[in-house]
Amino acid sequence: MTATSATDTKAAPVAERGGAPGGAPELPRIEDASAVAPRDARELTKLFLRRLAVLEEGTPEYQYARNTLIEMNLSLVRYAAKGFRHSGDMEDIVQVGTIGLIKAIDRFELSREVEFASFAVPYVTGEIKRFFRDATWAVHVPRRLQELRVRLAKAREHLSTRLGREATVTELAEHLGTGEEEILEGLVAANCYTANSLDVPTDGVDPDSSTTYADLLGEEDPALEMVENVHALAPLLRGLDERDRNIIALRFGRELSQAEIGAEVGCSQMHVSRLLSRALRRLRENMLA
């Protein structure tokens with residue numbers, strides 16, 4: 001059976017036999033609630049909300065009324081989700097928005113005397129925003145930058161359509177009425193939204209490509225610490241007297257033995273050993289300081 005309007009007297013009632021308690025109307029049987037026209041959905045939503053308010057939670061009738069309300073009002077979720085189409089996969093956004101719709105149905109009170117749509121849309125959009133804020137970013141960034149990312153995505157799409165090319169940072173700044181530094185900050189923050197696998201091919205096309213990002217990932221160079229130490233040691237060596245610098249150069253530059261150094265500078269091997277130990281101790285103490 002196709003979707004039934006609220007005034008169809010031939011609709012099969014869902015409520016228990018003997019009538020609905022509290023004078024609430026019985027519900028029509030709707031086989032495909034998602035196919036109900038928006039105009040009929042508004043009237044049927046009022047009917048189902050009135051009935052849901054008096055049904056006992058957990059009963060089949062309650063579940064039918066609640067599930068039908070959800071399906072009939074998914075158009076509200078899709079409407080709210082359009083505002084986030086630049087932020088991610090629409091299917092995921094609709095699923096999250098549906099959670100907000102369910103919360104609105106469970107918390108709606110007939111005594112408010114407001115349209116259900118006006119009550120539900122803030123719940124839907126709030127749930128979607130909370131999802132993007134808390135769950136979707138690979139790296140957490142401030143909310144200001146999260147919102148700027150969405151504005152930038154819309155601006156880039158609009159300007160690329162108008163200009164026939166990608167907009168520059170200056171053009172984006174003028175369009176959004178903000179500074180270029182903030183635009184650059186937003187573009188950098190946008191890179192934190194998703195994280196690609198290290199196994200993705202570097203060309204982004206051929207899945208059988210032999211080169212991945214993991215292959216290009218740098219490693220710590222073991223010689224880097226030596227370079228840093230040499231740069232730190234240079235001014236300390238200049239602080240030694242000429243004889244000590246000469247002995248160190250002969251020992252570690254030309255790799256002479258202490259006896260060979262003694263013959264070179266004209267002193268005994270034991271004296272060379274004492275001079276070398278004293279110079280190295282002084283260098284070590286200054287390096288650690």
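The values are calculated or read from the model by the stated rules, or taken from the named source; none is laboratory data. Because the structure is a prediction, the values reported are computed rather than measured. No Cβ is skipped: glycine too gets one built from the backbone with ideal geometry, and neighbour counts run over all protein chains shown. Calculation scope for accessible area: heavy atoms of the full protein, side chains included, ligands and nucleic acids excluded. Shrake-Rupley method; radii C 1.70, N 1.55, O 1.52, S 1.80 Å.
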Would you pick out the residues in segment 96-124 that are more than 17 Å from I70 (Cβ to Cβ) and either open to solvent by less than 50 Å² (accessible area, probe 1.4 Å) or among the basic types (K, R) (or both)?
-> R112
Verdict on D134 being modelled with pLDDT under 90 and open to solvent by 70 Å² or more (accessible area, probe 1.4 Å) = yes
Long-range neighbours under 7 Å by Cβ, at least six apart or interchain, first residue open to solvent by 50 Å² or more (accessible area, probe 1.4 Å) within segment 257-268, second among the small types (G, A, S) and in a helix (DSSP H, G or I) = Q258/S273; S268/G262
List the number of the failed condition for A249; all other conditions in (1) touching a Phe, Trp or Tyr at 6+ places or on another chain (Cβ under 8 Å); (2) modelled with pLDDT of 85 or more hold.
-> (1)
Taking segment 30-53 on its own, how many of its residues are outside any helix (DSSP H, G or I) and surrounded by fewer than 16 Cβ atoms within 10 Å (Cβ to Cβ)?
-> 4
Working only within segment 72-95, note down all residues that are touching a residue at least 60 places away in the same chain (Cβ under 8 Å) and either over 18 Å from the mean Cα position of the chain (by Cα) or surrounded by fewer than 16 Cβ atoms within 10 Å (Cβ to Cβ) (or both).
-> H86
Members of segment 151-174 that are open to solvent by 60 Å² or more (accessible area, probe 1.4 Å), within 21 Å of K82 (Cβ to Cβ) and not basic (K, R) | E157, H158, T161
